[in-house]
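To keep things clear, I will list the structure first and then write my remarks on it.
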Amino acid sequence: MKILGIETTCDETSASVVEDGETILSNIVATQFEFHKKYAGIVPEIAARRHHETINYVIEESLKKAGLSFGDIDAVAVAYYPGLIGSLLIGLIAAKTLSFTLGLPLIGINHIEAHLYSIHFNNKVDYPIIGLIISGGHTLLVVSENAGQYNIKGSTLDDAIGEAFDKVSKHLGLGYPGGPEVEKAAKYGDEESFDFPRVILNGGPDRYNFSYSGLKNAVINQRKRFLKNGPLNSTANISASFQAAATDVLLTKALWACKDFDIDRVALAGGVSNNSRVRNIFKNEKKLTTYLPEKALTQDNAAMIAGLAYIKYNKGEIMDLMLEPSSRLGNIVKGKRKKHAN
């Protein structure tokens, strides 16, 4: 079964064709970095406009690369939440149009759930798993019993981890997007130069939650308090110490969850899972089996949308044309599910 996936949740316009949820026949991604760089962050109006300008081209290129035509597609999948409303609307309108004109099933996909599915393209995954979805907009710890099923145990109380990277990068004048820029600078620094706080929130209902605003403020406004004797107050040392503090918390929380839920398998997904230090500390933790997506699939992409859609289709989770977008993960979204015969 060949599914065309569409992803426009933020600032990447992507279309992909995936066969049977496993084989990526194409995955075209048009980025917008150059349009948002001078603002050091995503401008929603610009993002929506760029999606509108590129969506048709990206869809056509995905079919061309896959060697297919619209007549070869069996279903259309689209990320409809969470994300920027203007951006989501562009992808959703494109998907609905294709579904209606071609008479194809429409499959609505949770963008965060799809990130977790991205590990399936290069791993044989044994369930259950502890999942960490870490990006510019989300820091979530979940327990997943199977592909397409998860239970959120913790999330960020303020800044997401990727957002903290962006803000620290902007303050240090490193550029945008902040994650890769901080990581580059950190390679030349000493992560023990500063003893920045590891905010772990280890009490009660906050045990699996995250908070990065305190760490961000410590780096930006109070870093002299955390400077150890000897090392220089350099951009590289600040970056390395901040990166260590931000990522150590991820491993700490994952280990807690593994012990509490008696699971020794962890999956990382989302843009920050591309960070080399994150990958290294999890790979080196002998208590865990760690699943990582291919680096090309850590950013927003339509392959993960089309891949997960195969699972949803086989469960009969087909949406109608009343499907509406939502900016938030917890919102109830309008659009009826239609059952179909497999």
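Only residues that are surrounded by fewer than 20 Cβ atoms within 10 Å (Cβ to Cβ) and at positive phi: list them for the range 70-115, please.
Gly103, the sole residue that qualifies.
Yes/no per residue for (1) touching a Lys or Arg at 6+ places or on another chain (Cβ under 6 Å); (2) buried (at least 16 other Cβ atoms within 10 Å of the Cβ); (3) over 17 Å from Ala40 (Cα atoms):
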| site | (1), (2), (3) |
| --- | --- |
| Lys153 | no, yes, yes |
| Ala164 | yes, yes, no |
| Gly173 | no, no, no |
| Glu181 | no, yes, no |
| Leu201 | no, yes, yes |
| Arg207 | no, yes, yes |
| Ser211 | no, yes, yes |
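Collect the residues in the range 258-276 that are part of a helix (DSSP H, G or I) and among the hydrophobic types (A, V, I, L, M, F, W, C), keeping them in residue-number order.
Within the range 258-276, Cys258, Phe261, Val272 meet the criteria.
List pairs: first residue in the range 147-161 and under 14 Å from His115 (Cβ atoms), second residue of a type in the set (Lys, Arg) anywhere in the structure, Cβ distance under 7 angstrom, at least six positions apart or on different chains.
As it stands, the answer is Gly148/Lys312, since those pairs meet every condition given.
Any residue in the range 305-318 that is on the phi < 0 side of the Ramachandran plot and assigned by TED's automatic domain parsing to the domain that holds Val78 sitting within a Cβ distance under 7 Å of a residue that is assigned to a helix (DSSP H, G or I) and of a type outside the set (Lys, Arg)? List the pairs, counting only those 6 or more apart or interchain.
Sorted first by the residue in the range 305-318, then by its partner, the pairs are Ile305/Ala114; Gly307/Tyr117; Gly307/His120; Gly307/Phe121; Leu308/Glu113; Leu308/Ala114; Leu308/Tyr117.
Just to be sure I understand the filter: pairs with C-beta atoms under 7 Å, separated by 6 or more residues or on different chains, first member in the range 1-29 and in contact (Cβ under 8 Å) with a residue 12 or more places away in the chain, second member hydroxyl-bearing (Ser, Thr, Tyr) and assigned to a loop (DSSP other than H, G, I, E, B). Which pairs pass?
These pairs meet every condition: Glu12/Thr31.
Taking the options Ile112, Ile119, name whichever one is within 16 Å of Leu297 (Cα to Cα) and touching a Phe, Trp or Tyr at 6+ places or on another chain (Cβ under 6 Å).
Residue meeting the stated conditions: Ile119.
For the range 59-69, state whether one or more residues are under 19 Å from the mean Cα position of the chain (by Cα), surrounded by fewer than 23 Cβ atoms within 10 Å (Cβ to Cβ), over 24 Å from Asp320 (Cβ atoms) and not assigned by TED's automatic domain parsing to the domain that holds His138.
No, the range 59-69 has no match at all.
Quick check on the range 284-300: of everything there that is surrounded by 18 or more Cβ atoms within 10 Å (Cβ to Cβ) and either part of a helix (DSSP H, G or I) or among the hydrophobic types (A, V, I, L, M, F, W, C) (or both), which residue is farthest from the chain's Cα centre (by Cα)?
Ranking the candidates gives Leu288 first.
Tell me yes or no: at least one residue of the range 190-208 is within 23 Å of Ala114 (Cα to Cα) and within 17 Å of the chain's Cα centre (by Cα). Explain how you work it out, then say what you get.
Step one: list which residues in the range 190-208 are within 23 Å of Ala114 (Cα to Cα), which gives 208.
Those left that are additionally within 17 Å of the chain's Cα centre (by Cα): none.
No, the range 190-208 has no match at all.
Are there any helices (runs of 4 or more DSSP H) wholly within the range 176-228 with 1 or more residues that are touching a residue at least 60 places away in the same chain (Cβ under 8 Å) and under 11 Å from Ser239 (Cα atoms), and if so which?
The qualifying helices (runs of 4 or more DSSP H) are 178-186.
Name every residue in the range 295-311 that is in contact with a Phe, Trp or Tyr (Cβ under 8 Å, 6 or more places away or on another chain) and modelled with pLDDT under 95, in order of residue number.
None - no residue of the range 295-311 is in contact with a Phe, Trp or Tyr (Cβ under 8 Å, 6 or more places away or on another chain) and modelled with pLDDT under 95, so the list stays empty.
Just wondering, is there one or more residues in the range 312-321 that are buried (at least 19 other Cβ atoms within 10 Å of the Cβ), in contact with a Leu (Cβ under 7 Å, 6 or more places away or on another chain), modelled with pLDDT of 95 or more and not β-branched (Val, Ile, Thr)?
No; the residues of the range 312-321 include none that is buried (at least 19 other Cβ atoms within 10 Å of the Cβ), in contact with a Leu (Cβ under 7 Å, 6 or more places away or on another chain), modelled with pLDDT of 95 or more and not β-branched (Val, Ile, Thr).
The values are calculated or read from the model by the stated rules, or taken from the named source; none is laboratory data. Note that the coordinates shown come from a computational prediction; the quantities given were computed from them, not determined experimentally. Positions of Cβ are generated from backbone atoms using ideal geometry, with glycine treated the same way; all protein chains shown enter the neighbour counts.
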